[in-house]
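The values are calculated or read from the model by the stated rules, or taken from the named source; none is laboratory data. This structure is a prediction, so every number in the text was calculated from the model and none was measured. Because the Cβ atoms are built from the backbone with ideal geometry, glycine has one as well, and the counts that use them run over all protein chains shown. Surface accessibility is based on the protein's heavy atoms, side chains included, excluding ligands, DNA and RNA. Shrake-Rupley method; radii C 1.70, N 1.55, O 1.52, S 1.80 Å.
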Amino acid sequence: MAYFPQNDPQFNYLRHLILMYGDARRPWTPEEAKYYVAHLTEEGTPDDWLFDSFLFLNAKASSGNDLCADINLGTTMSGEGDFNAVCSPNPANRNDWGELLEFYLGENGAVETFNKTIERCSKTIAMPYGHRRNVVLMLPYPHITQGAFGSLPGGASSLDFTTRNQNLMCAAGQRLEACTWLVDEIVDRWQEKKLPHVNLLGVYWMFETVYRGWDVDDHWLLKELKRHVNQRGLKFLWIPFWSSYNVHLLDDYQKYYFDLAFIQPN
């Protein structure tokens, strides 16, 4: 696996990236954010900078639909015992993806909250934070169980990610259409905000492996999606678990589908 050096200028000097799991029903608050942005004294006053990069991700929408790819039907974890992961039977739809956009980039969304928190902390921390803090935003999985995703702005019909009534290429193309729409929405909304303390580094593929079969082609999807992500000026990140499906991809992952990958130790 390729070694990623800290402070690489191509990744806006990323050093310490933290995963920020969120819940659409509980927006991030400045009080919560400050514990990740800064080190605090015993009195709760920010006195030094902490993480320089934040990866925001949500596993579920407020509807209960899954933004992550799979669910475990078994009772054990990590492939042991009766562990049985399947593609979610309750896949997120267009409304759920829109809710996630608002959670990230709406008024008082996660990005604005962290931008404001950095501004407040800078008033008590006696040193500059250096380069703007990096933000990475999760892309929901376009579930192969989703036959009625909903229509995109300007679209005439609802997208269908399944192979129930079409061939695999048609299904993969509609999955890509949804993902590129979301990437464009993220970039366009970010540019409108002109936030002074945070930098949109990239987007994150949450599913921790890559499959191809009769009803799914994540390989083609990721190849095409990475091209679009990079065209919009972003990096594509991935954090897979250790498995036979992933190991060969990590030997030289930048020639495959991602700009930056971290391996999980489990």
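Quick notes
- Test for residue 88: is it modelled with pLDDT of 95 or more, in contact with an Asp or Glu (Cβ under 7 Å, 6 or more places away or on another chain), among the hydroxyl-bearing types (Ser, Thr, Tyr) and open to solvent by less than 60 Å² (accessible area, probe 1.4 Å): no
- For the residues 241, 258, the requirement of being within 17 Å of residue 87 (Cα to Cα), out of contact with any helix residue (DSSP H, G or I) (no Cβ under 6 Å at 6 or more places or on another chain), in a loop (DSSP other than H, G, I, E, B) and at pLDDT below 95 singles out 241.
- Subset of segment 72-85 that is open to solvent by less than 50 Å² (accessible area, probe 1.4 Å) and either out of contact with any strand residue (DSSP E or B) (no Cβ under 6 Å at 6 or more places or on another chain) or part of a loop (DSSP other than H, G, I, E, B) (or both) - its residue that is modelled with the highest pLDDT: 74
- Only one of 3, 13 that is in a loop (DSSP other than H, G, I, E, B), open to solvent by 60 Å² or more (accessible area, probe 1.4 Å) and touching a residue at least 24 places away in the same chain (Cβ under 8 Å): 13
- Only residues that are farther than 14 Å from residue 93 by Cβ and either among the β-branched types (Val, Ile, Thr) or surrounded by 22 or more Cβ atoms within 10 Å (Cβ to Cβ) (or both) were counted in segment 152-178, giving 3.
- For segment 179-196, filtering for residues that are surrounded by fewer than 17 Cβ atoms within 10 Å (Cβ to Cβ) and in contact with an Asp or Glu (Cβ under 8 Å, 6 or more places away or on another chain) leaves 2.
- Filtered by the rule that a residue be in contact with a helix residue (DSSP H, G or I) (Cβ under 8 Å, 6 or more places away or on another chain), in a loop (DSSP other than H, G, I, E, B) and open to solvent by less than 20 Å² (accessible area, probe 1.4 Å), segment 137-151 gives 140, 142, 149.
- Inter-residue pairs, beta-carbon under 7 Å, first in contact (Cβ under 8 Å) with a residue 40 or more places away in the chain and in segment 98-116, second polar (S, T, N, Q) and open to solvent by less than 10 Å² (accessible area, probe 1.4 Å), 6+ apart: 100/58; 103/58
- Filtered by the rule that a residue be in contact with a Phe, Trp or Tyr (Cβ under 9 Å, 6 or more places away or on another chain), open to solvent by 40 Å² or more (accessible area, probe 1.4 Å) and not in a helix (DSSP H, G or I), segment 205-238 gives 208, 211, 212, 235.
- Looking across segment 36-51 at every residue that is more than 25 Å from residue 22 (Cβ to Cβ) and free of Cβ contacts under 8 Å to residues at least 12 places away in the same chain, the one that is least open to solvent (accessible area, probe 1.4 Å) is identified as 41.
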